[in-house]
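In what follows, a single structure is set out as C-alpha coordinates and then discussed.
The values are calculated or read from the model by the stated rules, or taken from the named source; none is laboratory data. Just so we're clear, the structure is a prediction, and the values are computed from it rather than from any experiment. Ideal geometry is used to build each Cβ from the backbone, glycine not excepted, and the neighbour counts take in all protein chains shown.
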Amino acid sequence: MTTQPRTTGENDSADFGGTLRALRVGHEWSLRDLGEKIRFNRGYIGKIEQGDKFPDRQFAELADRALNANGSLTAVWQDTAEERRKALATGRLLTASTKDSLKMIAAVEESMDLADLERATTQLSIAYLGTAPAPMLRSAVELRGDALRRLRSRQYRPNELADLYQIAGRLQGVLAYAALDLGDSAVAMTHADAALVCAENSGDRELRAWVRGTQSLIARFDSDYSRALASVTDGLAHSTVGVSRLRLICGYAQSKANLGDSAGSNRALDQVQREREKLIPKASEHGIFAFSEAKQHYYASSSLIWLDGASDADRAIRESAEAIRLWEISSEEDRSLDDEALAHVYQGTAYLKVGRLDEAAAAVRPVLNLPPERRISWIHKRIGRLADMLGTKRFAGTRKADQLRAEIRAFAETG
(Lines give C-alpha, C1' and ligand atoms only; values in the text may rest on other atoms or scores of the structure.)
Protein backbone atom coordinates (compact mmCIF):
# COMPACT_ATOMS: atom_id res chain seq x y z
CA MET A 1 0.00 0.00 0.00
CA THR A 2 2.43 4.46 1.23
CA THR A 3 1.81 7.51 3.16
CA GLN A 4 -1.73 7.84 4.45
CA PRO A 5 -3.19 11.00 2.82
CA ARG A 6 -4.56 13.78 4.98
CA THR A 7 -7.56 15.89 4.18
CA THR A 8 -6.46 19.28 2.89
CA GLY A 9 -6.76 21.86 5.62
CA GLU A 10 -6.50 19.34 8.44
CA ASN A 11 -3.06 19.47 10.12
CA ASP A 12 -1.44 20.13 6.72
CA SER A 13 0.98 22.63 8.22
CA ALA A 14 1.85 20.60 11.30
CA ASP A 15 5.53 20.25 10.36
CA PHE A 16 6.01 23.92 9.56
CA GLY A 17 3.89 25.05 12.50
CA GLY A 18 5.73 22.84 14.94
CA THR A 19 9.11 24.09 13.72
CA LEU A 20 7.93 27.69 13.95
CA ARG A 21 6.76 27.21 17.51
CA ALA A 22 9.99 25.48 18.56
CA LEU A 23 12.06 28.37 17.20
CA ARG A 24 9.82 30.98 18.83
CA VAL A 25 9.90 29.25 22.21
CA GLY A 26 13.66 28.88 21.87
CA HIS A 27 13.91 32.67 21.67
CA GLU A 28 11.55 32.93 24.67
CA TRP A 29 9.18 35.04 22.58
CA SER A 30 5.43 35.18 22.96
CA LEU A 31 3.11 35.10 19.96
CA ARG A 32 2.76 38.86 20.38
CA ASP A 33 6.57 39.31 20.33
CA LEU A 34 6.92 37.45 17.03
CA GLY A 35 3.85 39.18 15.59
CA GLU A 36 5.28 42.61 16.30
CA LYS A 37 8.61 41.73 14.65
CA ILE A 38 7.10 40.40 11.41
CA ARG A 39 3.87 42.48 11.48
CA PHE A 40 1.39 39.62 11.62
CA ASN A 41 -1.52 39.10 13.99
CA ARG A 42 -0.65 36.85 16.95
CA GLY A 43 -3.91 34.89 16.50
CA TYR A 44 -2.96 34.08 12.92
CA ILE A 45 0.51 32.94 14.02
CA GLY A 46 -1.08 30.76 16.70
CA LYS A 47 -3.27 29.04 14.10
CA ILE A 48 -0.20 28.38 11.96
CA GLU A 49 1.60 26.77 14.89
CA GLN A 50 -1.45 24.62 15.65
CA GLY A 51 -1.67 23.45 12.03
CA ASP A 52 -5.01 25.16 11.32
CA LYS A 53 -3.50 27.58 8.78
CA PHE A 54 -0.70 27.38 6.25
CA PRO A 55 1.02 30.67 5.33
CA ASP A 56 2.53 31.90 2.08
CA ARG A 57 6.24 31.91 1.42
CA GLN A 58 6.62 35.58 2.39
CA PHE A 59 5.52 34.79 5.95
CA ALA A 60 8.04 31.92 6.15
CA GLU A 61 10.87 34.13 4.96
CA LEU A 62 10.00 36.98 7.36
CA ALA A 63 9.79 34.57 10.31
CA ASP A 64 13.00 32.85 9.25
CA ARG A 65 14.91 36.14 9.31
CA ALA A 66 13.35 37.33 12.58
CA LEU A 67 14.19 34.04 14.29
CA ASN A 68 17.72 33.82 12.82
CA ALA A 69 16.88 30.40 11.37
CA ASN A 70 19.38 30.80 8.49
CA GLY A 71 16.95 29.45 5.92
CA SER A 72 15.99 26.29 7.82
CA LEU A 73 12.43 27.48 8.52
CA THR A 74 11.94 28.44 4.88
CA ALA A 75 13.19 25.00 3.85
CA VAL A 76 10.64 23.33 6.14
CA TRP A 77 7.94 25.53 4.60
CA GLN A 78 9.01 24.39 1.12
CA ASP A 79 8.86 20.70 2.12
CA THR A 80 5.45 21.12 3.76
CA ALA A 81 4.11 23.02 0.75
CA GLU A 82 5.20 20.17 -1.53
CA GLU A 83 3.52 17.58 0.73
CA ARG A 84 0.31 19.64 0.62
CA ARG A 85 0.47 19.78 -3.16
CA LYS A 86 0.85 16.01 -3.46
CA ALA A 87 -1.92 15.31 -0.93
CA LEU A 88 -4.27 17.67 -2.75
CA ALA A 89 -3.53 16.01 -6.10
CA THR A 90 -4.22 12.52 -4.67
CA GLY A 91 -7.40 13.75 -2.99
CA ARG A 92 -8.69 15.19 -6.27
CA LEU A 93 -7.92 11.92 -8.04
CA LEU A 94 -9.83 9.94 -5.42
CA THR A 95 -12.82 12.24 -5.82
CA ALA A 96 -12.72 12.05 -9.60
CA SER A 97 -12.45 8.27 -9.55
CA THR A 98 -15.61 8.02 -7.43
CA LYS A 99 -17.79 9.88 -9.93
CA ASP A 100 -17.39 7.25 -12.62
CA SER A 101 -17.97 4.43 -10.13
CA LEU A 102 -21.31 6.00 -9.21
CA LYS A 103 -22.18 6.13 -12.91
CA MET A 104 -21.24 2.47 -13.26
CA ILE A 105 -23.50 1.48 -10.36
CA ALA A 106 -26.41 3.23 -12.08
CA ALA A 107 -25.60 1.75 -15.50
CA VAL A 108 -26.70 -1.80 -14.74
CA GLU A 109 -28.47 -2.16 -18.09
CA GLU A 110 -25.51 -1.01 -20.16
CA SER A 111 -22.77 -3.11 -21.71
CA MET A 112 -19.04 -2.68 -22.30
CA ASP A 113 -16.34 -4.40 -24.29
CA LEU A 114 -13.01 -4.52 -22.47
CA ALA A 115 -11.51 -7.55 -24.20
CA ASP A 116 -8.52 -5.54 -25.36
CA LEU A 117 -7.97 -4.30 -21.75
CA GLU A 118 -7.89 -7.77 -20.22
CA ARG A 119 -4.13 -8.15 -20.33
CA ALA A 120 -3.52 -4.66 -18.92
CA THR A 121 -6.01 -5.33 -16.13
CA THR A 122 -4.31 -8.62 -15.24
CA GLN A 123 -0.89 -6.96 -15.23
CA LEU A 124 -2.25 -4.22 -12.99
CA SER A 125 -3.63 -6.70 -10.46
CA ILE A 126 -0.22 -8.40 -10.29
CA ALA A 127 1.79 -5.17 -10.13
CA TYR A 128 -0.35 -4.01 -7.21
CA LEU A 129 1.29 -6.54 -4.90
CA GLY A 130 4.64 -4.77 -5.12
CA THR A 131 3.72 -1.17 -5.93
CA ALA A 132 2.59 1.77 -3.82
CA PRO A 133 -1.17 2.49 -4.17
CA ALA A 134 -0.99 6.05 -5.56
CA PRO A 135 0.49 5.03 -8.95
CA MET A 136 -1.84 2.03 -9.03
CA LEU A 137 -4.79 4.39 -8.53
CA ARG A 138 -3.67 6.49 -11.49
CA SER A 139 -3.22 3.46 -13.74
CA ALA A 140 -6.60 2.01 -12.77
CA VAL A 141 -8.36 5.33 -13.38
CA GLU A 142 -6.82 5.52 -16.85
CA LEU A 143 -7.84 1.96 -17.75
CA ARG A 144 -11.31 2.45 -16.32
CA GLY A 145 -11.68 5.63 -18.42
CA ASP A 146 -11.02 3.59 -21.54
CA ALA A 147 -13.52 1.00 -20.34
CA LEU A 148 -16.24 3.60 -19.83
CA ARG A 149 -15.67 5.08 -23.27
CA ARG A 150 -16.22 1.60 -24.73
CA LEU A 151 -19.31 1.25 -22.58
CA ARG A 152 -20.85 4.48 -23.81
CA SER A 153 -20.06 3.79 -27.47
CA ARG A 154 -21.13 0.11 -27.17
CA GLN A 155 -17.92 -1.25 -28.66
CA TYR A 156 -18.49 -4.95 -28.00
CA ARG A 157 -19.84 -8.12 -29.55
CA PRO A 158 -22.93 -9.73 -27.98
CA ASN A 159 -21.03 -12.87 -26.95
CA GLU A 160 -18.41 -10.76 -25.14
CA LEU A 161 -20.81 -9.19 -22.66
CA ALA A 162 -20.03 -11.44 -19.68
CA ASP A 163 -16.27 -11.13 -20.12
CA LEU A 164 -16.65 -7.39 -20.51
CA TYR A 165 -18.40 -7.03 -17.15
CA GLN A 166 -15.88 -9.33 -15.50
CA ILE A 167 -12.92 -7.18 -16.58
CA ALA A 168 -14.74 -4.02 -15.55
CA GLY A 169 -15.38 -5.54 -12.13
CA ARG A 170 -11.70 -6.35 -11.70
CA LEU A 171 -10.75 -2.76 -12.55
CA GLN A 172 -13.21 -1.56 -9.93
CA GLY A 173 -11.62 -3.99 -7.48
CA VAL A 174 -8.19 -2.47 -8.06
CA LEU A 175 -9.67 0.99 -7.49
CA ALA A 176 -11.27 -0.18 -4.25
CA TYR A 177 -7.97 -1.55 -2.97
CA ALA A 178 -6.06 1.61 -3.91
CA ALA A 179 -8.58 3.92 -2.26
CA LEU A 180 -8.56 1.86 0.94
CA ASP A 181 -4.78 1.69 1.09
CA LEU A 182 -4.74 5.47 0.70
CA GLY A 183 -7.01 5.71 3.73
CA ASP A 184 -10.36 6.65 2.13
CA SER A 185 -12.81 3.88 3.03
CA ALA A 186 -15.87 5.72 1.69
CA VAL A 187 -14.36 5.98 -1.80
CA ALA A 188 -13.20 2.37 -1.53
CA MET A 189 -16.73 1.18 -0.75
CA THR A 190 -18.15 3.09 -3.72
CA HIS A 191 -15.68 1.36 -6.02
CA ALA A 192 -16.50 -2.01 -4.42
CA ASP A 193 -20.24 -1.41 -4.89
CA ALA A 194 -19.60 -0.75 -8.59
CA ALA A 195 -17.51 -3.94 -8.76
CA LEU A 196 -20.46 -5.87 -7.32
CA VAL A 197 -22.74 -4.54 -10.08
CA CYS A 198 -20.22 -5.73 -12.67
CA ALA A 199 -19.84 -9.14 -11.01
CA GLU A 200 -23.60 -9.70 -10.94
CA ASN A 201 -24.00 -8.66 -14.57
CA SER A 202 -21.13 -10.93 -15.63
CA GLY A 203 -22.58 -13.92 -13.78
CA ASP A 204 -19.11 -14.56 -12.33
CA ARG A 205 -19.73 -16.05 -8.88
CA GLU A 206 -16.01 -16.11 -8.08
CA LEU A 207 -15.69 -12.36 -8.72
CA ARG A 208 -18.87 -11.69 -6.75
CA ALA A 209 -17.42 -13.63 -3.80
CA TRP A 210 -14.18 -11.64 -4.06
CA VAL A 211 -16.11 -8.35 -4.04
CA ARG A 212 -18.16 -9.32 -1.00
CA GLY A 213 -14.90 -10.20 0.76
CA THR A 214 -13.51 -6.80 -0.18
CA GLN A 215 -16.62 -5.03 1.12
CA SER A 216 -16.11 -6.90 4.38
CA LEU A 217 -12.47 -5.80 4.43
CA ILE A 218 -13.51 -2.15 4.03
CA ALA A 219 -16.10 -2.49 6.79
CA ARG A 220 -13.46 -3.93 9.12
CA PHE A 221 -11.22 -0.95 8.31
CA ASP A 222 -14.06 1.23 9.65
CA SER A 223 -14.53 -1.08 12.68
CA ASP A 224 -18.05 -1.90 11.45
CA TYR A 225 -17.76 -5.56 12.34
CA SER A 226 -21.44 -6.43 12.07
CA ARG A 227 -21.51 -5.16 8.49
CA ALA A 228 -18.26 -6.99 7.80
CA LEU A 229 -19.81 -10.26 9.01
CA ALA A 230 -22.98 -9.66 6.97
CA SER A 231 -20.93 -9.12 3.78
CA VAL A 232 -18.98 -12.37 4.07
CA THR A 233 -22.09 -14.30 5.14
CA ASP A 234 -23.90 -13.13 2.00
CA GLY A 235 -20.85 -13.96 -0.08
CA LEU A 236 -20.69 -17.49 1.29
CA ALA A 237 -24.40 -17.99 0.61
CA HIS A 238 -23.76 -17.39 -3.10
CA SER A 239 -20.36 -19.11 -3.29
CA THR A 240 -19.53 -22.70 -4.15
CA VAL A 241 -15.79 -23.26 -4.66
CA GLY A 242 -12.71 -21.23 -5.50
CA VAL A 243 -10.07 -19.12 -3.80
CA SER A 244 -12.54 -16.30 -3.17
CA ARG A 245 -14.55 -18.70 -1.02
CA LEU A 246 -11.41 -19.36 1.05
CA ARG A 247 -10.96 -15.62 1.40
CA LEU A 248 -14.58 -15.26 2.52
CA ILE A 249 -14.16 -17.92 5.20
CA CYS A 250 -11.06 -16.12 6.44
CA GLY A 251 -13.04 -12.87 6.44
CA TYR A 252 -15.68 -14.65 8.49
CA ALA A 253 -12.97 -15.70 10.95
CA GLN A 254 -11.74 -12.12 11.18
CA SER A 255 -15.23 -10.77 11.80
CA LYS A 256 -15.91 -13.39 14.47
CA ALA A 257 -12.64 -12.52 16.19
CA ASN A 258 -13.44 -8.81 16.04
CA LEU A 259 -16.72 -9.62 17.77
CA GLY A 260 -14.91 -11.64 20.46
CA ASP A 261 -15.86 -15.14 19.30
CA SER A 262 -12.66 -17.18 19.68
CA ALA A 263 -14.27 -20.56 19.07
CA GLY A 264 -16.07 -19.35 15.94
CA SER A 265 -12.94 -17.76 14.55
CA ASN A 266 -10.75 -20.81 15.13
CA ARG A 267 -13.36 -23.16 13.63
CA ALA A 268 -13.47 -21.05 10.48
CA LEU A 269 -9.68 -21.01 10.19
CA ASP A 270 -9.56 -24.79 10.54
CA GLN A 271 -12.30 -25.10 7.91
CA VAL A 272 -10.45 -22.97 5.37
CA GLN A 273 -7.37 -25.17 5.70
CA ARG A 274 -9.45 -28.30 5.02
CA GLU A 275 -11.05 -26.69 1.96
CA ARG A 276 -7.71 -25.47 0.60
CA GLU A 277 -6.39 -29.03 0.56
CA LYS A 278 -9.19 -29.96 -1.88
CA LEU A 279 -8.93 -26.81 -4.02
CA ILE A 280 -7.68 -26.75 -7.60
CA PRO A 281 -6.63 -23.11 -8.34
CA LYS A 282 -7.71 -21.50 -11.59
CA ALA A 283 -5.11 -20.23 -14.05
CA SER A 284 -7.00 -16.92 -14.28
CA GLU A 285 -6.34 -15.99 -10.65
CA HIS A 286 -3.69 -13.29 -10.47
CA GLY A 287 -2.40 -10.63 -8.12
CA ILE A 288 -4.94 -9.23 -5.69
CA PHE A 289 -7.58 -11.62 -7.05
CA ALA A 290 -5.60 -14.67 -5.98
CA PHE A 291 -5.58 -16.01 -2.43
CA SER A 292 -2.33 -17.76 -1.77
CA GLU A 293 -1.51 -20.01 1.15
CA ALA A 294 0.65 -17.17 2.53
CA LYS A 295 -2.34 -14.86 2.41
CA GLN A 296 -4.43 -17.45 4.22
CA HIS A 297 -1.94 -17.61 7.11
CA TYR A 298 -1.79 -13.81 7.10
CA TYR A 299 -5.58 -13.60 7.44
CA ALA A 300 -5.43 -16.10 10.30
CA SER A 301 -2.92 -14.03 12.25
CA SER A 302 -4.88 -10.82 11.61
CA SER A 303 -7.95 -12.55 13.06
CA LEU A 304 -6.47 -14.03 16.21
CA ILE A 305 -4.70 -10.88 17.45
CA TRP A 306 -8.09 -9.45 18.40
CA LEU A 307 -8.72 -12.20 20.92
CA ASP A 308 -7.49 -12.26 24.51
CA GLY A 309 -6.60 -15.91 24.98
CA ALA A 310 -2.95 -16.96 25.18
CA SER A 311 -3.64 -19.89 22.85
CA ASP A 312 -5.05 -17.48 20.26
CA ALA A 313 -1.95 -15.29 20.54
CA ASP A 314 0.34 -18.32 20.21
CA ARG A 315 -1.47 -19.44 17.08
CA ALA A 316 -1.30 -15.89 15.68
CA ILE A 317 2.48 -15.94 16.16
CA ARG A 318 2.76 -19.21 14.26
CA GLU A 319 0.38 -18.14 11.48
CA SER A 320 2.16 -14.82 10.87
CA ALA A 321 5.56 -16.52 10.89
CA GLU A 322 4.37 -18.99 8.25
CA ALA A 323 2.93 -16.18 6.11
CA ILE A 324 6.23 -14.29 6.24
CA ARG A 325 8.21 -17.45 5.42
CA LEU A 326 6.06 -18.28 2.42
CA TRP A 327 6.23 -14.75 1.04
CA GLU A 328 10.01 -14.66 1.42
CA ILE A 329 10.34 -17.67 -0.88
CA SER A 330 7.58 -16.58 -3.30
CA SER A 331 8.15 -15.30 -6.81
CA GLU A 332 8.11 -11.53 -7.22
CA GLU A 333 4.69 -11.50 -8.84
CA ASP A 334 3.16 -13.50 -5.96
CA ARG A 335 4.78 -11.59 -3.11
CA SER A 336 2.51 -9.03 -1.45
CA LEU A 337 4.92 -6.56 0.16
CA ASP A 338 2.28 -4.61 2.06
CA ASP A 339 0.67 -7.72 3.52
CA GLU A 340 4.09 -9.09 4.39
CA ALA A 341 4.81 -5.90 6.35
CA LEU A 342 1.46 -6.17 8.09
CA ALA A 343 2.21 -9.78 9.01
CA HIS A 344 5.20 -8.46 10.96
CA VAL A 345 2.88 -6.02 12.78
CA TYR A 346 0.42 -8.82 13.60
CA GLN A 347 3.23 -11.01 14.86
CA GLY A 348 4.50 -8.19 17.06
CA THR A 349 1.00 -7.62 18.39
CA ALA A 350 0.61 -11.31 19.24
CA TYR A 351 3.96 -11.32 21.04
CA LEU A 352 2.81 -8.36 23.15
CA LYS A 353 -0.38 -10.24 24.00
CA VAL A 354 1.74 -12.82 25.81
CA GLY A 355 4.19 -10.29 27.25
CA ARG A 356 7.17 -11.08 24.99
CA LEU A 357 8.40 -7.54 24.43
CA ASP A 358 11.80 -8.34 22.92
CA GLU A 359 10.26 -10.59 20.28
CA ALA A 360 7.62 -7.96 19.52
CA ALA A 361 10.27 -5.32 18.94
CA ALA A 362 12.21 -7.64 16.62
CA ALA A 363 9.05 -8.54 14.69
CA VAL A 364 8.12 -4.94 13.85
CA ARG A 365 11.67 -3.76 13.10
CA PRO A 366 11.34 -4.33 9.31
CA VAL A 367 8.15 -2.25 9.31
CA LEU A 368 9.73 0.68 11.14
CA ASN A 369 12.41 0.73 8.44
CA LEU A 370 9.90 1.02 5.57
CA PRO A 371 10.21 4.07 3.29
CA PRO A 372 7.30 6.57 3.62
CA GLU A 373 5.70 5.62 0.29
CA ARG A 374 5.17 2.05 1.50
CA ARG A 375 3.43 3.00 4.75
CA ILE A 376 -0.17 2.30 3.78
CA SER A 377 -3.20 3.20 5.86
CA TRP A 378 -3.54 -0.35 7.23
CA ILE A 379 0.03 -0.23 8.58
CA HIS A 380 -0.61 3.08 10.32
CA LYS A 381 -3.81 1.74 11.92
CA ARG A 382 -2.41 -1.56 13.10
CA ILE A 383 0.97 -0.36 14.33
CA GLY A 384 -0.86 2.44 16.12
CA ARG A 385 -2.81 -0.21 18.03
CA LEU A 386 0.46 -1.91 18.94
CA ALA A 387 1.76 1.42 20.29
CA ASP A 388 -1.39 1.75 22.41
CA MET A 389 -0.71 -1.69 23.89
CA LEU A 390 2.80 -0.58 24.83
CA GLY A 391 1.30 2.29 26.81
CA THR A 392 -0.88 0.06 28.99
CA LYS A 393 -0.26 -0.75 32.64
CA ARG A 394 1.31 -4.09 31.74
CA PHE A 395 4.33 -2.34 30.18
CA ALA A 396 4.34 0.85 32.27
CA GLY A 397 7.81 1.92 33.32
CA THR A 398 9.49 -0.52 30.95
CA ARG A 399 12.33 1.28 29.18
CA LYS A 400 12.19 -0.98 26.11
CA ALA A 401 8.44 -0.47 25.80
CA ASP A 402 8.80 3.31 26.05
CA GLN A 403 11.59 3.25 23.49
CA LEU A 404 9.60 1.16 21.00
CA ARG A 405 6.53 3.32 21.49
CA ALA A 406 8.59 6.43 20.76
CA GLU A 407 9.92 4.82 17.58
CA ILE A 408 6.39 4.04 16.43
CA ARG A 409 5.31 7.63 17.10
CA ALA A 410 8.24 8.91 15.05
CA PHE A 411 7.30 6.43 12.31
CA ALA A 412 3.75 7.85 12.23
CA GLU A 413 4.98 11.44 12.12
CA THR A 414 7.38 10.86 9.24
CA GLY A 415 4.99 8.63 7.30
Residue in the stretch 312-319 that is surrounded by 24 or more Cβ atoms within 10 Å (Cβ to Cβ), in contact with a His (Cβ under 7 Å, 6 or more places away or on another chain) and in the same structural domain as D338 (by TED's automatic domain parsing) present: yes
Single unsatisfied condition, S336 versus (1) within 28 Å of V187 (Cβ to Cβ); (2) buried (at least 22 other Cβ atoms within 10 Å of the Cβ); (3) not assigned by TED's automatic domain parsing to the domain that holds A410: (3)
Pairs where the first residue, in the stretch 199-225, is at pLDDT below 95 and the second is in a loop (DSSP other than H, G, I, E, B) and of a type in the set (S, T, N, Q), C-beta under 6 Å, 6+ apart: A209/S239
Matching helices (runs of 4 or more DSSP H) fully within the stretch 317-415 where at least 1 residues are touching an Asp or Glu at 6+ places or on another chain (Cβ under 8 Å), on the phi < 0 side of the Ramachandran plot and acidic (D, E): 337-353
Residues within the stretch 185-203 that are over 20 Å from G251 (Cα atoms) and of a type outside the set (S, T, Y), tallied: 7
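When the stretch 295-324 is examined, which residues are found to be of a type in the set (S, T, Y) and touching a Gly at 6+ places or on another chain (Cβ under 8 Å)? Please lay out each step first, then the result.
The initial filter retains those residues of the stretch 295-324 that are of a type in the set (S, T, Y), namely 298-299, 301-303, 311, 320.
Result: Y299, single match.
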Top-ranked residue in the stretch 216-241 [being of a type in the set (D, E, K, R) and in a loop (DSSP other than H, G, I, E, B); ranked as surrounded by the most Cβ atoms within 10 Å (Cβ to Cβ)]: D224
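Here's the yes/no breakdown for (1) assigned to a loop (DSSP other than H, G, I, E, B); (2) of a type in the set (K, R); (3) in contact with a Leu (Cβ under 8 Å, 6 or more places away or on another chain):
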site: L246; (1), (2), (3): no, no, yes
site: G260; (1), (2), (3): yes, no, yes
site: Q271; (1), (2), (3): no, no, no
site: Q296; (1), (2), (3): no, no, yes
site: S311; (1), (2), (3): no, no, no
Residues satisfying the stated conditions in the stretch 197-215, i.e. surrounded by 24 or more Cβ atoms within 10 Å (Cβ to Cβ) and among the aliphatic types (A, V, I, L, M): A199, L207, A209, V211
Residue match in the stretch 101-112 (condition: within 23 Å of the chain's Cα centre (by Cα), at pLDDT below 90 and part of a helix (DSSP H, G or I)): yes
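Where residues in the stretch 44-69 are of a type in the set (A, V, I, L, M, F, W, C) and within 31 Å of the chain's Cα centre (by Cα), which of them is surrounded by the most Cβ atoms within 10 Å (Cβ to Cβ)?
The residue in question is I48.
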Residue check, R409 of a type in the set (D, E, K, R), more than 24 Å from Y252 (Cα to Cα) and surrounded by fewer than 18 Cβ atoms within 10 Å (Cβ to Cβ): yes
